[in-house]
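Here the structure comes first, spelled out in structure tokens, and everything after it is commentary.
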Amino acid sequence: GKLASTAISVLGRLGNVKAAKRVFDRARLNGMGGNVFAFSALISAYGRSGRCKEALEMFECMKAEGCKPNLITYNALIDACSKGGMPDIARSLFSDMQQSGLEPDKITFNSLMGAYGRAGQWQEAESVFHLMGLSGLCQDLHSYNTLIDAFCKGGQLALAERLLDTMTSSGVQPNVITYSSIIDGYAKSGKEEEALATFSKMREIMKRSPGIHPDSVCFNTMLDMYGKAGRIEEAMAVRSEMESAGLGTDLVSFNALIDMMGKAGRPREAARLFEQMQRQGHHPNVLTWSALIGGFARSGFHTEAMKYFQEFKQAGLQPDVVLYSLLIDVHGKHGLVQEAMGLLKEMVANGIPPNVVTYNSLIDAYGRMGQVERAVTTMDEMKSKGLTPNAVTFNCVIDAFGKEGRAEEALQMAHRMREEGQSPD
RNA sequence: AAGAAUUCGUCGACUGAA
């Protein structure tokens, strides 16, 4: 009973949903599983791995079994929707729970705010923050951090800075997470100097409060920022600092470094880091491999890239949409459309449904080859699969017409783009 | 009064005279 919910929770945290579900099922067979605790833990486990649909199914399932969801169940489910990028469902659950007589608590508000923040809807996040105050709940450190992060993700750095001041004067002390969010916000807006200034400021403040230091997430944020900006020297310097701080280069640091080298057209350096990390006992994950493979593929070393892809599969790891889309894209860009189609078949056969990005890469490939008609059919095909073309899709098709000198049709496509709710820019 | 479940920051994919 109690042991089962704890086990489900721990497995969920480790990212092993399969095992969590097994424990859940077994506990239920033994007649000690079907309680709120187990259901909530499982819903949370699904949420953590981004499987919001399954979380919602479990929720329906528990209700059907007559197990009444409580505050924590709702919180877990709202968080699952948040992580799954479905803020609107999160919001309707927020209403539902009140209908059933449950009072939202701080965690409920924070989770809902996070749902909007992740989705880039910082205005909504802000209004939840205020609603929280109006409901008589006092915003805590999580609330401030969540809203600051929402502002940062929405590129509203001035608002983030202002809220940082507000929280301090309200007696809530910012922590590493607060500063990391802001640093990342600057990093993603291409404001490296501001990010660095925030980083330094944080270290100054932390010097005065013993026991608190920038952690690896914070360093990795800086590291990746320099990597993305192609400032290799500085990225390396961050790595050294991390090591002298006793944090070491962790999996995320290596992934960022490998990506940096790959994008800088230095895939051999990336491969060196790849070896190095393993010597240090790190197990490469899908992100590591994608960065590595992408580096080789973008530089035109397809054979190398595919060799690593084989190795990846032999290592028993499952390729995902991103990895397949990456491979499809680089093959398409180099005019290897047959190979790209082969990969598409393979992914479908492996039960990985292509998404908008996958299709965009194919459409782009046809466009580059001057096969506008095929580009258009591919767009229709994606629609028939229930996928909605986005701005990138339309841009690719418009560009394809443009390249062929078919300005009329390019314009028509731009019109359709508006009709279908995408704004051309 | 209980060994149970819930909230914050970092890494990989697509378009553009960028």
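Read the figures in this text as sums done on the coordinates, not as results from a lab. If you're wondering where the values come from, they're calculated on a predicted model, not measured in any experiment. Reconstructed Cβ throughout: ideal geometry from the backbone, glycine too, with neighbour counts over all protein chains shown.
Details
- Relative contact order, whole percent, for the stretch A:202-250 stands at 28, derived from Cα pairs under 8 Å and 6 or more residues apart.
- For A:LYS403, a cut-off of 16 angstrom between C-alpha atoms picks up these aspartates and glutamates, skipping any fewer than 8 places away in its own chain: A:ASP364, A:GLU373.
- Charge tally for A:LYS228 (other residues, Cβ to Cβ under 12 Å; Lys, Arg +1; Asp, Glu -1): -2.
- Exposure proxy order (Cβ contacts within 10 Å, fewest to most) of A:SER240, A:SER361: A:SER240, A:SER361
- For chain A, the spread of Cα positions along each principal axis, largest first, Å: 62, 54, 46
- Rounded to the nearest 0.05, the FRET efficiency derived from the C-beta distance between A:GLU419 and A:VAL217 at R0 = 45 Å is 0.55.
- Computed on the stretch A:124-242, with alpha-carbon pairs under 8 angstrom and 6+ residues apart, the relative contact order is 18 percent.
- In terms of Cα atoms, the Rg and Dmax of the stretch A:1-131 work out to 14.4, 47 Å.
- Ratio of Rg to Rh for the stretch A:200-274: 1.03 [Cα atoms; Kirkwood radius as inverse mean 1/r over pairs].
- Order by protection proxy (mean Cβ within 10 Å, highest first), peptides A:252-261, A:194-203: A:252-261, A:194-203
- For the stretch A:278-341, diffusion coefficient by Stokes-Einstein and Kirkwood Rh (Cα), 4 °C, 1.567 mPa s, µm²/s: 108
- Chain A, relative contact order [Cα under 8 Å, separation at least 6], %: 6
- Taking Cα centre as origin and charging only the Cβ of basic (Lys, Arg, +1) and acidic (Asp, Glu, -1) residues, the dipole magnitude of the stretch A:1-101 rounds to 380 debye.
- Footprinting exposure proxy ranking of A:SER135, A:SER180, A:SER299, fewest other C-beta atoms within 10 angstrom first, gives A:SER135, A:SER299, A:SER180.
- Dipole in debye (nearest 20) - the stretch A:72-157, about Cα centre, beta carbon charges: Lys, Arg +1; Asp, Glu -1: 180
- Think of the stretch A:334-415 as a dipole: +1 on every Lys or Arg Cβ, -1 on every Asp or Glu Cβ, centred on the Cα centre; then among A:GLY370, A:HIS334, A:GLY405, A:HIS334 lies furthest on the positive end.
- Here the peptides A:141-148, A:123-130 are ranked by packing, the mean other Cβ count within 10 Å, and the order with the highest first is A:141-148, A:123-130.
- With a Förster radius of 45 Å applied to the beta-carbon distance between A:SER244 and A:ASP320, the computed FRET efficiency rounds to 0.80.
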